[in-house]
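S.K.: Here it is: the structure, laid out below.
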Amino acid sequence: MKITTITSFSEKDLEKALAKIKRSIWVYHLNTGSCNGCDIEILDVLTPWFDVERFGIRLVASPRHTDLVLLTGPITVKTLSKVIKALRAVPRPRLVMAIGSCAVGGNIWFESYSTIGGFYKILDKLNDIGIVVDRVIYVPGCPARPEAIIYGTAVLLGLLKPKTHYKRVEA
Amino acid sequence: MVKFLKILPISAKIGTVTVMYPYDRPLVTESFRGAIEVDPGKCVGCGACTRICPPKALSFIQEGETLILRYFVGRCIFCGMCADTCPEKAIKITKEFELASSSLYELYSDVQHSLSTCRRCGKKFVTRKLMNKVKNLVKELPEELLELCPNCRRIESLLRTTNLR
């Protein structure tokens, strides 16, 4: 059997793939210097109590098999090269979910010398070196609740509308 | 081979444990702390919360005439120290945790304060609301010194003492 690999694809193909991804997605857990709190919450999501396999969400061991990367931790300088390697291995459409306040905004390490301080800071750099992240979802929480992670997945797939909006009020 | 059948009466007894979360109400206890909410009516812009906040999720940004108390929920660790330290009790801890958003911009929320200007040097130094609060609290306050920034106030009082001699 001859296996054909798609090396070049148009924007139309990508949109098609993004529309199809509404069904079951496979996730890959990427810890980038997290304290283990968010990792335990991800584990919680997979247990029978929250059982995300009822939505067809499965944890896979390799980034090559994944649709969505569950990124936890503030991305320490030591793990940055590994993060880039893992994200490069993810096939398009490439989805990333930044879980916990470390991955979203850097938490108390947002201006530390040894961390990048959140996923949003490397997003443009990843774009420059050819790793295009098609969709990003930020899930705040310290640690993010299992319900919040399920909710974030639903927002990412377009099943629910996000609740939070920028607001500016006069005092 | 028949060994696994032992699990059948156990599972029949326990039943389904899975919570139907997106269609069901989430388990939120009494002591749960979610995102904070700043009451713009009560907030005076003193900055006590920005100094106590461990990850600096609450911060002050000066934009010309206005001082903005910016709350970035993406960096918040939900410790509730800001609500404890707020002298006006303007910060309330809500039970909101469904904060996921696809854009980082949506995670910010701002409270806008107007600043009062120093009569002498034109420097903006304190919010109008805080100044009014101090005016009401302290009875014997020299009116002419109130609208001066701390540096000009020092100069003014020094000039006065030298003039008296």
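S.K.: Checking A:THR115 against (1) within 30 Å of B:VAL17 (Cβ to Cβ); (2) crowded, with 21+ Cβ neighbours inside 10 Å; (3) more than 11 Å from chain B (Cβ to nearest Cβ): exactly one of these is not met. Which one?
M.R.: The number of the failed condition is (1).
S.K.: Is at least one residue of region A:62-70 among the aliphatic types (A, V, I, L, M), over 22 Å from B:ASP24 (Cα atoms), modelled with pLDDT of 90 or more and surrounded by fewer than 18 Cβ atoms within 10 Å (Cβ to Cβ)?
M.R.: Checking region A:62-70: not a single residue is among the aliphatic types (A, V, I, L, M), over 22 Å from B:ASP24 (Cα atoms), modelled with pLDDT of 90 or more and surrounded by fewer than 18 Cβ atoms within 10 Å (Cβ to Cβ).
S.K.: So B:SER59 ticks every box in (1) within 30 Å of A:ASP134 (Cα to Cα); (2) more than 10 Å from chain A (Cβ to nearest Cβ); (3) surrounded by 12 or more Cβ atoms within 10 Å (Cβ to Cβ) but one. Which box is left unticked?
M.R.: Unmet for B:SER59, out of (1) within 30 Å of A:ASP134 (Cα to Cα); (2) more than 10 Å from chain A (Cβ to nearest Cβ); (3) surrounded by 12 or more Cβ atoms within 10 Å (Cβ to Cβ): (1).
Results for (1) modelled with pLDDT under 90; (2) out of contact with any Phe, Trp or Tyr (no Cβ under 7 Å at 6 or more places or on another chain), shown as yes or no for each residue.
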{"position": "B:VAL17", "(1), (2)": "yes, no"}
{"position": "B:ARG33", "(1), (2)": "no, no"}
{"position": "B:ASP39", "(1), (2)": "no, yes"}
{"position": "B:GLY45", "(1), (2)": "yes, yes"}
{"position": "B:PHE60", "(1), (2)": "no, yes"}
{"position": "B:GLY64", "(1), (2)": "yes, yes"}
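S.K.: For residues that are touching a Cys at 6+ places or on another chain (Cβ under 9 Å) and in a helix (DSSP H, G or I), scanning just region A:32-52, find the one that is surrounded by the fewest Cβ atoms within 10 Å (Cβ to Cβ).
M.R.: A:GLY37
S.K.: Hey, among B:LEU159, B:LEU141, B:LEU145, which residue is in contact with a helix residue (DSSP H, G or I) (Cβ under 6 Å, 6 or more places away or on another chain), more than 27 Å from A:LYS167 (Cβ to Cβ), among the hydrophobic types (A, V, I, L, M, F, W, C) and surrounded by fewer than 16 Cβ atoms within 10 Å (Cβ to Cβ)?
M.R.: When all the criteria are applied, what remains is B:LEU145.
S.K.: Looking only at region B:1-44, which residues are part of a helix (DSSP H, G or I) and either in contact with an Asp or Glu (Cβ under 9 Å, 6 or more places away or on another chain) or facing chain A (nearest Cβ under 9 Å) (or both)?
M.R.: B:TYR21, B:PRO22, listed by residue number.
S.K.: Given the residues A:THR47, A:THR32, which is the only one that is at pLDDT 80 or above and in contact with a Ser or Thr (Cβ under 7 Å, 6 or more places away or on another chain)?
M.R.: From the options A:THR47, A:THR32, the qualifying one is A:THR32.
S.K.: Let me ask something else. Has region A:97-112 got at least one residue that is surrounded by 20 or more Cβ atoms within 10 Å (Cβ to Cβ) and more than 25 Å from B:SER59 (Cβ to Cβ)?
M.R.: Yes.
S.K.: Okay, moving on. Can you pull out the residues in region B:47-56 that are crowded, with 21+ Cβ neighbours inside 10 Å and under 23 Å from A:VAL136 (Cβ atoms)?
M.R.: Correct list: B:PRO55 only.
S.K.: B:VAL28 passes all but one of (1) within 19 Å of the chain's Cα centre (by Cα); (2) touching a residue at least 24 places away in the same chain (Cβ under 8 Å); which number fails?
M.R.: (1)
S.K.: Could you please find all residues in region A:50-81 being over 29 Å from A:ARG23 (Cα atoms) and more than 14 Å from the chain's Cα centre (by Cα)?
M.R.: If the condition is that a residue be over 29 Å from A:ARG23 (Cα atoms) and more than 14 Å from the chain's Cα centre (by Cα), then A:THR76, A:VAL77, A:LYS78, A:THR79, A:LEU80, A:SER81 are the ones that fit.
S.K.: Now for a different question. Would you kindly identify the strands (runs of 3 or more DSSP E) lying entirely within region B:63-165 that contain at least 1 residues that are within 11 Å of chain A (Cβ to nearest Cβ), among the hydroxyl-bearing types (Ser, Thr, Tyr) and under 30 Å from B:THR29 (Cα atoms)?
M.R.: Where strands (runs of 3 or more DSSP E) fall fully within region B:63-165 and carry at least 1 residues being within 11 Å of chain A (Cβ to nearest Cβ), among the hydroxyl-bearing types (Ser, Thr, Tyr) and under 30 Å from B:THR29 (Cα atoms), they are B:66-72, B:108-117.
S.K.: Taking region A:150-167 as the region of interest, how many residues are more than 7 Å from every other protein chain (Cβ to nearest Cβ) and among the polar types (S, T, N, Q)?
M.R.: Qualifying residue count for the region: 1.
S.K.: For region B:78-116, name all the residues that are buried (at least 21 other Cβ atoms within 10 Å of the Cβ), of a type in the set (A, V, I, L, M) and closer than 19 Å to B:PRO54 by Cα.
M.R.: Scanning region B:78-116 gives B:ALA90, B:ILE91, B:LEU107.
The values are calculated or read from the model by the stated rules, or taken from the named source; none is laboratory data. Model, not experiment: these values are computed from the prediction. Don't worry about glycine lacking a Cβ; one is built from the backbone with ideal geometry, like all the others, and counts go over all protein chains shown.
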